Amino acid sequence: MTEDAIGVIRRDGRTDPFFDGAAEDRLMTRRCEACGRWYAPDATGCAGCGAGDLAWAEASGEAVLVSWAVARSRTGPPAPLALVELAEGPWMYARLASVAGPREGLPLRVRFVHPDEGESHPVFEERRG
């Protein structure tokens, strides 16, 4: 399965730190500076303490597979999509790469794709060793 099977990824302005980090092989997500809770990159406020402004922070890139699906296209190859739980706690949606047998709890590690067109972005692959 190819990593570009679901199209070109574009940033929307509010996601600039996420994509800037991906261009530098860094997984950026959100973190509440007031209470220390971690959140997915699209979070806008802290559900724990109520803080309305979350900072961008670099996550470790370690994760486990929570769930997955395969998006099928009439014109392109299937694209494996996943919900992963980052080691820091938040869940995020991502693409899977190099995963032969997905299963709940599968240890994953982020790597980054740098396409000729569109934004650099993370994909998760099976963690070995």
Report summary line: For region 56-72 the number of residues that are at pLDDT 95 or above, more than 12 Å from the chain's Cα centre (by Cα) and assigned to a loop (DSSP other than H, G, I, E, B) is 0
Requested in this report: Select the strands (runs of 3 or more DSSP E) contained entirely in region 73-129, then report the ones holding at least 3 residues which are within 21 Å of Asp12 (Cα to Cα) and either modelled with pLDDT of 90 or more or not aromatic (Phe, Trp, Tyr) (or both).
Outcome: 91-96, 121-126
Report summary line: Of those in region 97-110 that are free of Cβ contacts under 8 Å to residues at least 60 places away in the same chain and under 12 Å from the mean Cα position of the chain (by Cα), the residue surrounded by the fewest Cβ atoms within 10 Å (Cβ to Cβ) is Arg109
Query - Pairs with Cβ under 7 Å, 6+ apart, first in region 77-88 and within 17 Å of Arg30 (Cα to Cα), second among the charged types (D, E, K, R) and not in a loop (DSSP other than H, G, I, E, B) - result: Ala87/Glu62
**Report entry** Scan of region 48-64 for residues that are touching a strand residue (DSSP E or B) at 6+ places or on another chain (Cβ under 6 Å) and among the hydrophobic types (A, V, I, L, M, F, W, C), ordered by number
**Finding:** Leu54, Ala55, Trp56, Ala57, Ala59, Ala63, Val64
Query raised in the report: Only one residue in Glu62, Glu33 is under 23 Å from Pro80 (Cβ atoms) and not aliphatic (A, V, I, L, M), so which one is that?
Result: Glu62
Requested in this report: For region 10-19, enumerate the residues that are surrounded by 13 or more Cβ atoms within 10 Å (Cβ to Cβ) and either hydrophobic (A, V, I, L, M, F, W, C) or part of a loop (DSSP other than H, G, I, E, B) (or both).
Outcome: Arg11, Thr15, Phe18, Phe19
Query raised in the report: Quick one: how many residues across region 27-37 are surrounded by fewer than 18 Cβ atoms within 10 Å (Cβ to Cβ) and either free of Cβ contacts under 8 Å to residues at least 12 places away in the same chain or not acidic (Asp, Glu) (or both)?
Result: 3
Query raised in the report: Does Ala22 qualify as being part of a loop (DSSP other than H, G, I, E, B), touching an Asp or Glu at 6+ places or on another chain (Cβ under 8 Å) and either surrounded by fewer than 18 Cβ atoms within 10 Å (Cβ to Cβ) or in contact (Cβ under 8 Å) with a residue 12 or more places away in the chain (or both)?
Result: no
Report task. Name, by its number, the condition in (1) modelled with pLDDT of 95 or more; (2) out of contact with any strand residue (DSSP E or B) (no Cβ under 8 Å at 6 or more places or on another chain) that does not hold for Gly45. Result -> (1)
Query raised in the report: Counting only residues that are loosely packed, with under 15 Cβ neighbours inside 10 Å and touching a residue at least 12 places away in the same chain (Cβ under 8 Å), which one in region 112-124 is farthest from Arg37 (Cα to Cα)?
Result: Glu117
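The values are calculated or read from the model by the stated rules, or taken from the named source; none is laboratory data. Since we're looking at a predicted model, the values are computed, not measured. Cβ atoms come from the backbone with ideal geometry, glycine included; neighbour counts cover every protein chain shown.
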